[in-house]
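The values are calculated or read from the model by the stated rules, or taken from the named source; none is laboratory data. Computed from a predicted structure; not experimentally measured. Note that we place each Cβ from the backbone using ideal geometry, even for glycine, and neighbour counts take in every protein chain shown. The accessibility values were calculated without ligands, DNA or RNA, using every heavy atom of the protein model including side chains. Shrake-Rupley method; radii C 1.70, N 1.55, O 1.52, S 1.80 Å.
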Amino acid sequence: MIPAENNLPRKDDFIAVHDLGKSFGAVHALRGISFSVPRGETMAIIGPSAAGKSVLMKCLVGLYAPDTGRICLDGEDVSTTGNETRKKWAEKTGMLFQHNALFDSLQVWENICFSLIESRKLSRKVARDHAVDLLGLVGLDPDSAGLRPSDLSGGMQKRVGIARAIATDPEILLLDNPTAGLDPVLSNHIENMIAAIAQKRGTTVITITNDMKIARHRYQNLAMLHDGTLQWTGPTTEIENAGNAYLTQMLSGSSQGPITMRTGKRQDQLFA
Amino acid sequence: MTDIAKLPPGPLGSSSQRAVIWARKNLFNSWFNSILTLGSIAALFWIIPPMIEWGITNATLTPSIEACREVTGACWGFVNANLRLILFGTYPYDEQWRPLLAMVVLVGIIIGSLGAVPYAGMRKWIIPMWLVGIPVIAILMWGGVLGLTYVQNSYWGGLPLTLILSSIGIIFAFPLGLLLALGRQSSMPAIKTLSVVYIEIIRGVPLITVLFMASVMFPLFLPEGVTIDKLLRAQIGIILFTAAYLAEVFRGGLQAVPNGQFEAGNSLGLSYWQSMRLIILPQAMRLVIPPTVGSFISMFKDTTLVVIIGLFDLLNTVKLALRSDPAWTRYYVEGYAFAAAIFFLFCYSMARYAAYLEKELRKGEQR
């Protein structure tokens, strides 16, 4: 296992993050994050809440420009936002947001094929057929194409979000909690689908998940964030031998360990 | 425990029985409500019959002062006799078909555009309609071409003036307000500061001041020999004023759209303007329909303030008619009631349209 500090980006790494830092005012959301993912591999990001997982995702997709450090995609530096390279890679990236962020004013199928219609100038007829195919892929009824996001349940919205993320056949897929709030059967189906996409299309997938079983058994690589810093990264096969206290606690869910909850007086009374 | 006997009966019984039940439930369900109900009925009996007597039974429409002196009620004859003066102001009498036609065209485009707003496929016709309509209105009002005699705009007045000032005001203030709202949210400090300063200064002064500045102060800053038309200055004043208020209304709507929507658009590779046009604004605009129409209504009524710079809008032409003959002067209640009725007609239509638009757009959302 290579310690995180020495994990400098290599030329052949498809996604390479080096010494990434991002602050919001006085809050250090991310500090000194370095990791890499080879092309076509999958990585799960785990970590307690407020660890900086979603901020890292938004840096990767180009919504936030890092304060320090670099992000390289296929050897191209995309650390600054608002330029052509960054825009090119944004179009090659599909993202599912934590709260889906579906467009409330548009129908489901328009949501899914939005960038195909607007950026790639696909005809609405073709786009709609494509959207219906994708709906089938995520296990939704084709009839839901004409609904509005507000008509859907939380789990259905999540799947529409996933369909939107994969609609452009992206090279990079960033999924912020794709199976949160889904039942075990459905979440299994979604994970199978993500694995199949990675395998058949060679898509590089980074997924944030709170499901340790999924993180361990469905992903090739793992990154563990805590309090804005990277605690551990490496192949999931090496988890057992990692000997990392944060990782061990995260995987077991124990209350004993370096990850502490900020408990107030009232919680203490509640549990007393 | 539910006492079934006390539950109101279903839609059984005759309509009069149901009316009694309804009244008992809604008007006389407590001693306090009973007093209020009886008091309101008494007040209506006290107000309405005299009003009908004054306004209809004892009133006259005959356009002569003699007829008016004979009746005890309203002298609608004043309005009847001065209708053209009130509606068209000092526009040359023989040419008054032109402002009438211009008004018909204007109301036509307004209804056409408002009707097109709820339907995405029709919206693209709104701008062409105005691009054709405005020159037609301008030609009708000004003339000077196509064999129409030239009418200086200092002769314009009455309802056409009110409608032109407010509709042109709305169609220019709307995009300007939108730009200001976006500017205020901009991450570029210069644009942000400029927008904030503009909005706060304009909102900090009364419209009368803006109009007065536009008409009296502004020309002092212009170089010798350059004059900008008085009507145009008033129009610009109204646009600038309304835009500042609309900007704050729009900003409220923009803030109500979750940031995630913008991020999602951005992550799909959309530019700022694409995200705004396709994702954020449709949601924000739907949210701000009620306050936007509120701004339009108050602006429509505020156009009456152009009187202070000597323009004859609908309210001022009533005054003009009252003064046209000293004998008419005492019938000011009738004159202002007529103007009020016209204002009410337009403002209430706007309010109804806003309610309709909200319903239409929500229907689209649930489709």
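For the reader, a short list of remarks on this structure follows.
- Amide H contacts under 5 Å for A:Leu96: A:Leu174, A:Leu175, A:Asp176, restricted to partners 5 or more places along the chain or on a different chain, H placed in the peptide plane at 1.01 Å from N.
- Estimated buried accessible area (total), pair A and B, 1.4 Å, Å² to nearest 100: 1900 Å²
- Shape class of segment A:132-272 from the Cα gyration tensor (axes a ≥ b ≥ c, square roots of the eigenvalues): oblate, since a/c reaches 1.5 or more and a/b does not exceed b/c.
- Here's the list of aspartates and glutamates a cross-link from A:Lys53 could span, going by alpha-carbon distance under 13 Å and ignoring same-chain residues fewer than 8 apart: A:Asp176, A:Asp227.
- A:Asn221 long-range amide H proximity, modeled H, under 5 Å: A:Thr42, A:Met43, A:Ala44, A:Thr236
- The relative contact order of segment A:102-169, computed from alpha carbon pairs under 8 Å that lie at least 6 residues apart in sequence, is 45 percent.
- Remark: segment A:110-120, residue by residue, has Karplus-estimated 3J(HN,Hα) of 5, 4, 5, 9, 4, 6, 5, 6, 7, 9, 9 Hz, where x stands for each Gly or Pro and the curve is 6.51 cos²θ - 1.76 cosθ + 1.60 at θ = phi - 60°.
- Integer Hz, Karplus 6.51/-1.76/1.60 couplings in order for segment B:44-58, x for Gly and Pro: 5, 5, 6, 8, 5, x, x, 5, 5, 4, 5, x, 10, 5, 9
- Think of a 1.4 Å ball rolled over the protein heavy atoms: the protein assembly as shown then has 52 Å² of accessible area per residue.
- Cross-link partners for A:Lys125 among the aspartates and glutamates, with Cα-Cα distance under 19 Å and sequence neighbours closer than 8 places in the same chain left out: A:Glu110, A:Asp133, A:Asp141, A:Asp143, A:Asp169.
- With Cα atoms as the point set, chain B shows a radius of gyration and Dmax of 26.1, 87 Å.
- Prolate/oblate/rounded label for the protein assembly as shown (Cα gyration tensor, a/c 1.5): prolate
- Under a model in which nothing but the beta-carbon of Lys, Arg (+1) and Asp, Glu (-1) is charged, chain B shows a dipole of about 1000 debye around its Cα centre.
- Segment B:199-293: C-alpha gyration tensor shape, a/c 1.5 cut-off, then a/b vs b/c: prolate
- If you take the Cα centroid of segment A:140-177 and the Cα centroid of segment B:319-337, the two points sit 67 Å apart.
- Each principal axis of the Cα atoms in chain A has its own extent, and those three values, largest first, are 55, 49, 38 angstrom.
- Here the protein assembly as shown is treated with +1 on each Lys and Arg Cβ and -1 on each Asp and Glu Cβ, and its dipole about the Cα centre works out to around 560 debye.
- Cβ neighbours within 10 Å from other chains - mean over A:101-111: 5
- Percentage relative contact order, segment B:74-366, counting C-alpha pairs under 8 Å, at least six apart: 25 percent
- For the pair segment A:62-110 and segment B:276-301, the centres of their Cα atoms are 30 angstrom apart.
- Relative contact order (%) - criterion: Cα under 8 Å, at least six apart; region: chain A: 24 percent
- For the listed residue pairs A:Lys88/B:Lys192; B:Lys25/B:Lys359; B:Lys192/B:Lys301; A:Lys58/A:Lys87; A:Lys58/B:Lys124; A:Lys92/A:Lys121, the alpha carbons are over 24 angstrom apart in A:Lys88/B:Lys192; B:Lys25/B:Lys359; B:Lys192/B:Lys301; A:Lys58/B:Lys124.
- Between 0 and 90 degrees, the angle of helix A:154-166 with respect to the longest Cα principal axis of chain A falls at about 80 degrees.
- With all protein chains in place and a 1.4 Å probe, the accessible surface of the protein assembly as shown carries 63 percent carbon and sulfur.
- Charges were assigned to the Cβ only: +1 to each Lys and Arg, -1 to each Asp and Glu. The resulting dipole of segment A:89-192 about its Cα centre is roughly 280 debye.
- The protein assembly as shown - mean residue ellipticity at 222 nm from DSSP helices (-39,500 (n - 2.57) per run, n ≥ 4, rounded to 500): -17000 deg cm²/dmol
- When the Gaussian network model of chain A links Cα atoms closer than 10 Å, the mean-square fluctuations of A:Pro48, A:Pro258, A:Pro66 top out at A:Pro258.
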